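I have placed the structure first, in the form of structure tokens, so that the comments after it can refer back to it.
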Amino acid sequence: MKKFSAGLQELGILENDKIRVTRYSEFLLLYLENIDFKNEKICDFGCGTGVLGIYADKRGAKQVTGLDIDPAAIELSKENIILNNCSNFETHLIQTADLDQKYDLILSNPASLPTPKSEGKEFFSGGIYGIDMIEDLFDFCQTDLEQGGQIFFLQTSLSSVNKAANYAHEKGFSYKIIGVFQTEIRDHYHEFWHRVEKNRSTGDAHFVEIKGVYSEIVYLVEAKHLSQ
């Protein structure tokens, strides 16, 4: 179990071998300390453990909805909702969710690693440029984000920032990097490193190498309707 602070509340988050609170989510949680959630309608898109939605609930959100494609994630997030005594947070499979709602704020730590989707590894597969789930996020936001709403999500430099930003603009949204952090490349990345190197040659992936240590840059992105 991982523990986090949410205002004056302490969160305990259950994980399993497949679904964890990543360093990406920990970075986003730090930023969210600056956000006022009171009376807001929140969506945790790709909720995984549910940590982002639980954090929003504990910070006073009026209503929180978690969505994920993985039944195991929904089951785990519901356990965490009960564990943290959340009263305004519900999670649903996105494939079968029948929701008629618009949100003030959409939070996401989307899969953004450049690797084709494969069964059992959807939780980190973002397609060959790492932006498939980011595209899904903006498709969702087109219809489900309030006109004055905001999106906060994370994207690794191993994916194509240019393609993600261009897609956001095509869908009517801004794309603004408002924070960055550097973290070492993890061992399992060797499974798709050939794709990273290929994408790097076209400017669709970037990483840092210092004295033989390879790191990715993680970007915190804010997006809004371009008309705002």
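Miscellaneous remarks
- The test for being among the small types (Gly, Ala, Ser) and in a loop (DSSP other than H, G, I, E, B) holds for Ala61.
- Any hit, the stretch 28-36, residues being touching a strand residue (DSSP E or B) at 6+ places or on another chain (Cβ under 7 Å), modelled with pLDDT of 90 or more, under 24 Å from Ile177 (Cα atoms) and hydrophobic (A, V, I, L, M, F, W, C): yes
- When residues of the stretch 146-171 are limited to those that are in a helix (DSSP H, G or I) and in contact (Cβ under 8 Å) with a residue 24 or more places away in the chain, the one surrounded by the most Cβ atoms within 10 Å (Cβ to Cβ): Ala164
- Subset of the stretch 173-190 [surrounded by 12 or more Cβ atoms within 10 Å (Cβ to Cβ), of a type outside the set (D, E, K, R) and assigned to a strand (DSSP E or B)]: Phe173, Ile177, Gly179, Phe181, Gln182, Thr183
- Filter result for Cys47 (out of contact with any helix residue (DSSP H, G or I) (no Cβ under 6 Å at 6 or more places or on another chain), crowded, with 24+ Cβ neighbours inside 10 Å and closer than 22 Å to Glu135 by Cα): no
- Residues within the stretch 1-21 that are exposed (fewer than 14 other Cβ atoms within 10 Å of the Cβ) and assigned to a strand (DSSP E or B), tallied: 4
- Cross-chain or 6+ apart pairs with Cβ under 9 Å, the stretch 22-39 first and touching a residue at least 60 places away in the same chain (Cβ under 8 Å) and outside any helix (DSSP H, G or I), then surrounded by 18 or more Cβ atoms within 10 Å (Cβ to Cβ) and of a type in the set (Phe, Trp, Tyr): Thr22/Phe124; Ile35/Phe152; Phe37/Tyr55
The values are calculated or read from the model by the stated rules, or taken from the named source; none is laboratory data. Values in this document were obtained by computation on a predicted structure and should not be read as measured data. FYI the Cβ positions are ideal-geometry reconstructions off the backbone, even for glycines, and counts take in every protein chain you see.
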